[in-house]
């Protein structure tokens with residue numbers, strides 16, 4: 001395997017895998033809207049037309065019906081799958097790049113990579129793919145440049161008039177998945193090293209979990225997203241200023257789990273599927289957003305219950321006013337008056353957030369809100385009982401402990417190598433929202449295998 005592999009370096013191996021494992025594309029969509037010549041509705045193979053013809057922008061070629069560019073249904077579905085893979089990988093790569101930039105600005109580029117004493121290889125994926133073992137987080141930048149360049153070429157293959165082979169689309173999709181895993185490792189290693197998160201300890205700390213653990217008599221700051229630096233700034237700034245016991249800082253989704261990994265007073269109140277119900281409850285006086293897993297209507301719903309919104313990333317601007325160039329005093333004054341704003345500097349965003357929630361002016365707003373909105377324990381209890389699948393009961397959760405130990409790998413390696421255990425599959429992610437939270441067309445079309453000859 002080549003160091004920093006290009007798209008074609010693993011192509012032959014990908015094709016070998018595709019002969020053994022047949023991919024299935026489960027998206028029901030069969031209408032292509034990619035280029036200006038469409039839309040083209042692609043259908044399964046059909047008897048050929050003797051004289052060709054034009055039917056809704058489509059022609060029949062051979063035994064199958066294709067779009068105006070010539071792509072058939074299998075190629076179209078494989079291309080859609082590659083696009084999904086590139087979009088997902090881009091989200092994680094962008095997060096890793098922003099996180100690394102924030103951590104370098106705060107801790108310096110020479111901040112050492114430190115994954116603890118339980119592992120001899122701190123960056124196994126990075127070392128396998130690139131052949132190097134970074135010694136500090138500043139060295140991550142060159143690796144991220146490689147990933148970003150590869151993603152550009154993969155996205156180019158989705159463009160009109162380029163790739164058409166289902167097998168090559170899948171090979172490139174596997175390449176995108178490799179890049180995705182590489183970026184995710186860089187992001188987690190960077191934050192574990194810089195923020196001193198658990199590094200493979202047997203008994204990582206326990207934190208409280210559940211919306212009912214929040215003390216609503218205090219100002220409540222809710223953080224949603226993935227970038228853990230904003231939670232780190234708020235928690236440490238609150239502690240430095242003696243405000244730790246005067247405010248509640250909590251989170252949803254990855255922001256919650258990562259926030260609890262570096263600050264054990266941080267509370268986890270739910271997962272991504274709980275987001276809209278938590279926002280609508282009015283429990284949050286302030287909502288801090290960074291990137292990923294942010295609902296499109298979060299600003300609208302938060303303002304309905306007088307929750308203030310501060311966005312902190314360029315990727316999630318949401319039409320708000322950029323206050324990054326303002327002083328914390330000017331920014332907090334604007335946000336208090338208008339209810340929203342963007343501050344890209346995480347430390348400045350934390351300062352503005354704390355300034356707002358402890359100000360006398362905000363205390364007046366809170367008192368009005370407590371009268372007008374859902375601030376009683378009875379309202380919170382109604383929320384909990386009406387959505388039992390989305391809200392955890394109060395309890396304790398052991399936070400993420402960091403890397404797998406070398407000793408644990410050695411314990412299962414013989415069984416995997418000898419074939420006693422064929423492999424290990426981890427399925428991770430947030431649950432779906434409760435029924436009724438959104439509208440989704442289930443569709444009626446069946447999945448199509450890449451090499452299937454059936455008329456599905």
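Readers should treat all values here as calculations from the given coordinates under stated rules, not as data from a laboratory. Not measured: the values here are computed from a predicted model. Here the Cβ is made from the backbone with ideal geometry for all residues, glycine too, and neighbour counts use every protein chain on show.
Worth pointing out:
- Gyration tensor verdict on region 142-246 (Cα atoms; rounded if a/c is under 1.5, prolate if a/b is larger than b/c, oblate otherwise): prolate
- Model label sites at residue 218 and residue 425, defined 7 Å from Cα along the beta-carbon direction, differ in position by 4.3 nm.
- Distance between the C-alpha centres of region 304-326 and region 165-188: 32 Å, rounded to the whole angstrom.
- Dimensionless Rg/Rh of region 7-197 - Kirkwood Rh, Rg from C-alpha atoms: 1.12
- As a calculated quantity, the FRET efficiency between residue 409 and residue 202 at R0 = 22 Å, using C-beta atoms, amounts to about 0.90.
- Descending principal axes extents, region 106-193, alpha-carbon based, whole Å: 49, 26, 19
- Listed by Cβ neighbour count within 10 Å, with the fewest neighbours leading, 25, 140, 160, 428 appear as 428, 160, 25, 140.
- Measuring nothing but alpha carbons in region 180-301 and taking Rh as the Kirkwood radius, the Rg to Rh ratio lands at 0.96.
- Theoretical FRET efficiency, 1/(1+(r/R0)^6), r = Cβ-Cβ of residue 17 and residue 160, R0 25 Å, to 0.05: 0.35
- Residue separation of residue 315 and residue 31 scaled by 0.36 nm, minus their Cα-Cα distance, works out to 99.4 nm of gained length.
- Note: relative contact order over region 7-197, using C-alpha pairs below 8 Å and six or more positions apart, is 27 percent.
- When each of 21, 4 is scored by the number of other beta-carbon atoms lying within 10 Å, the sequence from fewest to most is 21, 4.
- Applying 1/(1 + (r/R0)^6) with r as the Cβ-Cβ distance of residue 322 and residue 396 and R0 = 25 angstrom yields a FRET efficiency of 0.05.
- Each label was represented as a point 7 Å from its Cα along the Cα-to-Cβ direction; for residue 237 and residue 300 these points are 3.0 nm apart.
- Point-to-point label distance, residue 24-residue 329, nm (Cα→Cβ direction, 7 Å offset): 6.4
- Likely footprinting exposure, 432, 80, fewest C-beta neighbours within 10 Å first: 432, 80
- Here the extension length gained between residue 432 and residue 135 equals 103.0 nm, from 0.36 nm per residue of separation less the Cα-Cα distance.
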